[in-house]
Structures are given as structure tokens and as C-alpha cells.
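Chemist: This is the structure I have questions about; it appears just below.
Quick note: the coordinates plus some simple rules give every number you see, no bench work behind them. In this text, all values refer to a predicted model and were calculated from it rather than measured experimentally. Cβ placement follows ideal geometry from the backbone for every residue including glycine, while neighbour counts extend to all protein chains displayed.
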Amino acid sequence: MVCKRLVYGGPEQLDSISLRRDVLRTPLGLDFTPEELDEEIHQYHMACMENGHIAGILLLKEVKEGVLKMRQVAVQPSLQGKGIGRQLVSFSEQWAIENGYHAIELNARKAAVNFYLGQGYTIEGGEFQEVGIPHLRMYKLLK
């Protein structure tokens, strides 16, 4: 398993849209708008690759100086539970540190909160709705 930053507009980044759509959007009856996808040019696309295929993907968006927002985290359903998400989050955190960031925030689907708690994230505030499902805001100071 190799984790790396993808080049926006490159073939791997374009392939990653399908994974995010299949895992995160289609089950909710949603899709990406062209405007949403265009805005991603300003975000960092991190992926774990297995045999040349995307096993997991997440995006990092700078929200203020030194702070990134982790979003759109998705792992191939057939590979979930094998540590790919943990590896991808760890890789992304290390990349963030190396690039001058000191914290990551995210809005976790309620079903994923325990995963992020296990990665050292803490809950901030109460439950809220996003894309029609419950979420919690989470935060981590990077070391």
C-alpha cells in the first residue's frame, strides 16, 4: 500500500471522484455538482493506492492559517476494515505537519466518530445535520 498526494486533474484524481461518489454520495441519493468539483482545485487530494488502484481517498482544505479541514474520506468497500483509513489519515497528518499545518478539523458522520476518536481526534460541540445525516465536529492538534 502506497499513500501519496494526487495531482489535481490527473487520471488518479479523476478516478478518485468515482470512489467518493460511490461511497459517500450515491447511498444518500446525492451527486457532486460541477461547481463542487471545480472548487477542489484548491484542495489537497490524498490517496492510498493498491496495485495501481485507489484504495482510499481524502481531501484536505485549508480553512485558516495552519489549519486544514479533512473531508470526503472514502475507502473501497471491499477493503474497509483493513487499516487503509488509518494509514491514509496518518499519512495525511504527517504531510500536514511537514507542510506547516498544526491542526486538522473535520465533520464526521456519526457512524465514523469512533474511527476518528481512535486516531486521536476529539469531539467539539453537539450533533448536527449535514447532507441529511447526523455529524459531529472533530478536531486534532498535530504533533
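Chemist: Taking Cα pairs under 8 Å and at least six residues apart, what relative contact order does the chain come out at, in percent?
Modeler: Values: 230 pairs, mean separation 27.9, N = 143.
In percent, rounded to a whole number, it is 20.
Chemist: Arrange the peptides 118-127, 68-77 so that the one whose residues have, on average, the most other Cβ atoms within 10 Å appears first.
Modeler: On the way: 118-127: 12.3, 68-77: 20.1.
Most protected by this proxy first, the peptides run 68-77, 118-127.
Chemist: Okay, moving on. In the stretch 2-141, if the dipole is taken from +1 on Lys/Arg beta carbons and -1 on Asp/Glu beta carbons about the Cα centre, which of 134, 13, 116 is farthest to the positive end?
Modeler: 116
Chemist: Would the stretch 3-143 count as rounded, prolate or oblate if I go by the C-alpha gyration tensor, calling it rounded below 1.5 in a/c and otherwise prolate when a/b exceeds b/c, oblate otherwise? It would help to have the intermediate numbers written out before the result.
Modeler: On the way: a/c = 1.29, a/b = 1.11, b/c = 1.16.
Rounded, because the longest to shortest axis ratio a/c is under 1.5.
Chemist: To continue, here is another question. Taking a ≥ b ≥ c as the square roots of the Cα gyration tensor eigenvalues, with a/c under 1.5 meaning rounded and otherwise prolate when a/b beats b/c, else oblate, which class fits the stretch 24-87?
Modeler: Working: a/c = 1.96, a/b = 1.27, b/c = 1.54.
Taking the square roots of the gyration eigenvalues as a ≥ b ≥ c, the stretch 24-87 is oblate.
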